[in-house]
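Novice: The structure follows.
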Amino acid sequence: PEEDTLALFVDMLFGAKLASILVCQAGKHVSHTYEDFNDLSLSCKAEGYARERKRDKLTQLAKKL
């Protein structure tokens with residue numbers, strides 16, 4: 001169905017596996033655990049934030065020197 005196709009697409013874009021590896025100090029036994037997760041990070045800008053170009057920032061810095 002279409003829902004399955006959409007879910008696969010979202011997993012392909014944002015999905016990953018988190019690996020945890022634990023080593024016992026006494027017996028040196030190693031344990032591996034894998035966990036599926038999805039991540040979508042969004043940056044939050046303050047109200048009134050104006051994005052400046054790198055060139056403009058360098059020009060401002062040069063004027064201060």
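The values are calculated or read from the model by the stated rules, or taken from the named source; none is laboratory data. Source: prediction; values computed, not measured. So basically every Cβ, Gly included, is an ideal-geometry build from the backbone, and we count neighbours across all protein chains shown.
Novice: Look at the range 1-38 and say how many of its residues are loosely packed, with under 10 Cβ neighbours inside 10 Å, of a type in the set (Gly, Ala, Ser) and out of contact with any Ser or Thr (no Cβ under 9 Å at 6 or more places or on another chain).
Specialist: Looking only at that region, the number is 2.
Novice: Give just the number: which of (1) more than 23 Å from the chain's Cα centre (by Cα); (2) small (Gly, Ala, Ser); (3) assigned to a loop (DSSP other than H, G, I, E, B) does Ala46 not satisfy?
Specialist: (1)
Novice: Still on this structure, please answer the following. Lys57 - would you say it is basic (Lys, Arg) and at pLDDT 80 or above?
Specialist: Yes: the conditions hold for Lys57.
Novice: Inside the range 9-33, can you point out the residues that are in contact (Cβ under 8 Å) with a residue 12 or more places away in the chain and outside any strand (DSSP E or B)?
Specialist: Val10, Asp11, Phe14, listed by residue number.
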